[in-house]
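Below: one structure, written as structure tokens.
The values are calculated or read from the model by the stated rules, or taken from the named source; none is laboratory data. All of these numbers come straight from a predicted model, not from anything done at the bench. Every residue, glycine among them, receives a Cβ derived from its backbone with ideal geometry; neighbour counts consider all protein chains shown. The area values use the complete protein model at the heavy-atom level, side chains included, leaving out ligands, DNA and RNA. Shrake-Rupley method; radii C 1.70, N 1.55, O 1.52, S 1.80 Å.
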Amino acid sequence: SQQGEEDPQALSIQEGENATMNCSYKTSINNLQWYRQNSGRGLVHLILIRSNEREKHSGRLRVTLDTSKKSSSLLITASRAADTASYFCATVSFLSNSGNTPLVFGKGTRLSVIA
Amino acid sequence: GAGVSQTPSNKVTEKGKYVELRCDPISGHTALYWYRQSLGQGPEFLIYFQGTGAADDSGLPNDRFFAVRPEGSVSTLKIQRTERGDSAVYLCASSPTGHVSPLHFGNGTRLTVT
């Protein structure tokens with residue numbers, strides 16, 4: 001089953017523009033992570049944000065987390081053609097009877113950055 | 001250092017055959033995961049090892065799927081009596097401690113069942 005749902009499913013922008021991807025989830029979480037996947041490759045970890053954090057930055061990436069709305073967003077500023085990839089959010093949920101669950105991934109957003 | 005290594009990178013097999021997929025995690029990582037990814041979908045959890053033991057195998061679709069990690073490092077995912085629906089990319093990931101740390105993924109094994 002997939003908990004995170006990314007929106008939009010696909011996004012096409014011009015180089016230099018900002019790209020925003022959103023993720024919604026259903027259960028209480030321990031943390032939320034964003035990953036990137038280039039075609040035919042494995043996933044690469046971008047950012048991990050814990051449930052008690054609201055915002056994190058890493059270079060051109062900014063992640064926000066709103067636990068009241070069960071949503072997160074990933075912002076890529078000043079996009080480059082090399083940012084073209086699929087982006088996935090994934091959640092570690094906390095279940096009172098079994099502790100933390102393994103990462104559950106959404107279906108991803110396919111980002112195309114046109115030079 | 002070396003990342004997560006998966007072999008083979010591609011595997012084509014006939015329906016009904018047995019296959020083994022291998023994963024070499026990052027040295028020292030105690031947690032190891034197997035995921036399966038179909039085209040256009042996100043990775044789907046299969047099984048998680050902490051050390052040598054399977055801590056959570058709730059994602060294995062049926063008893064044709066089995067995974068081992070006998071010495072707490074290399075893991076093998078075994079699929080018996082393969083079906084066409086098993087065709088997917090099988091991803092392995094490792095982590096120093098478990099779910100609360102980022103996962104390091106290999107490039108996957110693309111399994112095609114004809």
| query | Pick from region A:58-83 the residues that are small (Gly, Ala, Ser) and assigned to a strand (DSSP E or B): which of them is least open to solvent (accessible area, probe 1.4 Å)? | reply | A:Ser72
| field | Matching residues in region B:62-90 - criterion: being surrounded by 20 or more Cβ atoms within 10 Å (Cβ to Cβ), under 11 Å from the mean Cα position of the chain (by Cα) and of a type in the set (S, T, N, Q) | value | B:Ser75
| request: Residues being crowded, with 17+ Cβ neighbours inside 10 Å and either of a type in the set (Asp, Glu) or under 24 Å from B:Glu83 (Cβ atoms) (or both): count how many of those fall in region B:12-29. | output: 4
| Among B:Leu32, B:Leu46, which is the only one that is within 14 Å of another protein chain (Cβ to nearest Cβ), crowded, with 18+ Cβ neighbours inside 10 Å, in contact with a Gly (Cβ under 6 Å, 6 or more places away or on another chain) and of a type in the set (A, V, I, L, M)? | B:Leu46
| query | Got at least one residue in region A:90-113 being closer than 22 Å to B:Gln37 by Cα, away from every other protein chain (no Cβ under 12 Å), open to solvent by 30 Å² or more (accessible area, probe 1.4 Å) and in a strand (DSSP E or B)? | reply | yes
| task | Would you confirm whether any residue within region A:76-85 is more than 9 Å from chain B (Cβ to nearest Cβ), in contact (Cβ under 8 Å) with a residue 24 or more places away in the chain and among the acidic types (Asp, Glu)? | result | yes
| request: Tell me, yes or no, whether region A:48-57 has at least one residue that is free of Cβ contacts under 8 Å to residues at least 60 places away in the same chain and either open to solvent by less than 20 Å² (accessible area, probe 1.4 Å) or aliphatic (A, V, I, L, M) (or both). | output: yes
| field | Of all residues making up region B:91-112, the number that are assigned to a strand (DSSP E or B), open to solvent by 20 Å² or more (accessible area, probe 1.4 Å) and within 11 Å of chain A (Cβ to nearest Cβ) | value | 3
| Among (1) within 26 Å of A:Leu48 (Cα to Cα); (2) in contact (Cβ under 8 Å) with a residue 60 or more places away in the chain, where does B:Thr114 come up short? | (1)
| said: Quick check on my filter: what residues within region A:13-29 are open to solvent by 80 Å² or more (accessible area, probe 1.4 Å) and either closer than 12 Å to A:Arg110 by Cβ or modelled with pLDDT under 95 (or both)? | reply: A:Lys26
| query | Going by the conditions given, is B:Ser9 at pLDDT 95 or above, over 10 Å from the mean Cα position of the chain (by Cα), over 25 Å from A:Ser93 (Cα atoms) and within 11 Å of chain A (Cβ to nearest Cβ)? | reply | yes
| message | Being over 19 Å from B:Thr97 (Cβ atoms) and more than 12 Å from every other protein chain (Cβ to nearest Cβ) is the filter here; which residues of region B:49-60 pass it? | response | B:Leu60
